[in-house]
Each structure stands twice: as structure tokens, then as C-alpha cells.
Amino acid sequence: MLIILVAIIGTYGVIYVAVTNVLMPSDLDTFKSELSTVQVPVNNDSSIKEMENAAAYTESASSLEYVSPSERSAVASSMRISNTPPPEFFNQNLEVSDQFFSYRMWAYTLIFRGDISNELKNISSTHEEISRLNNETESLNQKLYTDMEKGDSKAYAEDLKLIADNLKQYNTAMAELKNHLETLVNLLE
């Protein structure tokens, strides 16, 4: 019985030392680096306001009806080309990221650092929200281009409003991410 107890304590000690001396410094560097790249706000409030104003004008004036179909098609094609992010922007491997966070959460919980584990969970959730907003915004952009080609002013205006709302949500999510990263970096130091 004593041998089993010593083996359990020894194993826990090795895990504790590994987490505190290897994982924590590594995570500190990783999350400090991520924190240094987070800029808030991402989307300028005046740009969002311009988009909302354009939506209101387009909706009230039905301005797309006065543009020829060939011009609408040319503008929509140009917008598609200039506003399309690279495929890897949307096809991020979230399973690897989820696995990264779940292993780390487990390790910190094991050494009784639930505070760090909770912040990792918050960061993971915020990353998922940002990814969802990116995908939703790209989908709305594609709909916007199609509605422009059709000359549907009402739908185009609604698309602009939804995109503006998504940009506001994105700013909020990035501010949350920055706060969680700052908290985590402080906990790891």
C-alpha cells in the first residue's frame, strides 16, 4: 500500500513539475505572442456607420434599380475578387485547436489551477465565436454580391445591415479575447 501511495505521489510530482516548468512557460510565450497581435477595435466605427448609412440610403431610394444589369454584374464581380479572403482563413483546423486547449485545460486542472483552465476555456469559446462571425460575414458578403447583381435594393440593404452588425459583434469578441488573454498571461506569470 505504501509503494502504491509513493508511486501516485511521485507520478503527481512529475506531472506538477512538468506543467509548471515546461507547459506554463511555453503557454506564457504562446499567449503573450497572441496578445501582441490582437488589435481592438478591428473594424472602424466610422466605417460601420457608413455601411449602415449606405444601407438606409439604398433601401429608401431603391438605387440599384437605376443601374444597368451589366454594370451591377461588373461591380459585383469586382467586389467578389477584391473581398475574398484566402481559403485557409475559413478552413482553419479547429479540431487541432480544440485538442490543444482540452489537453492544457486538463493539465492545469490536474495541478489545481482551475483559474488557468477556465481562462483557456473562455479563450477557446471566443476563438469559436470569432470563427463563426468570420464565416457568417463571408456568407453575407456572397449574398450581398448576388443581391447587387439581381438589383434587389431591399435585400442588398438588409445584407449591409447584417454585415455591419457582424462587424460590431466581431469588435466585441476581439475585445473579450484581449481581456481573456491579458488575464491568462497574468495568471501564467
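The values are calculated or read from the model by the stated rules, or taken from the named source; none is laboratory data. None of the values given here were measured: they were computed from a predicted structure. Note: ideal-geometry Cβ built from the backbone for every residue, glycine included; neighbour counts use all protein chains shown. All accessible areas refer to the heavy atoms of the entire protein, side chains included, with ligands and DNA or RNA removed. Shrake-Rupley method; radii C 1.70, N 1.55, O 1.52, S 1.80 Å.
Any number yet on Rg/Rh for the range 1-53, C-alpha, Kirkwood?
My calculation puts Rg/Rh at 1.54.
Give the distance, in whole Å, between the Cα centre of the range 119-162 and the Cα centre of the range 57-79.
Each part reduced to its Cα centre gives a spacing of 20 Å.
Please report, as a whole percent, how much of the solvent-accessible surface of the chain comes from carbon and sulfur atoms (probe radius 1.4 Å).
So the carbon and sulfur contribution to the accessible surface is 59 percent.
Can you give me the solvent accessible area of GLU189 with a 1.4 Å probe, rounded to the nearest 10 Å²?
130
Can you compute the helix-only [θ] at 222 nm over the chain? Use -39500 (n - 2.57) per DSSP H run of at least 4 residues, normalise by all residues, nearest 500 deg cm²/dmol.
Estimated from H runs of four or more residues: -28500 deg cm²/dmol.
Using label points projected 7 Å from each Cα along Cα→Cβ, tell me how many nm separate ILE3 and GLN142, to one decimal.
The modelled label-to-label distance comes out at 6.3 nm.
As I understand it, the dipole of the chain uses +1 on the Cβ of Lys and Arg and -1 on the Cβ of Asp and Glu, about the Cα centre. Which of ASN141, SER125, ALA157 lies farthest toward its positive end?
It is SER125.
Net charge near SER33: determine it from the other residues with C-beta under 15 Å of the C-beta of SER33, scoring Lys and Arg +1 and Asp and Glu -1.
Computed value for this residue: -3.
What is the magnitude of the charge dipole of the range 5-188 about its Cα centre, with +1 placed on the Cβ of each Lys and Arg, -1 on the Cβ of each Asp and Glu, and no other charges, expressed in debye to the nearest 20?
Roughly 360 debye for the range 5-188.
So for the chain, averaging the separation of alpha carbon pairs under 8 Å that are six or more residues apart and normalising by length, what relative contact order in percent results?
40
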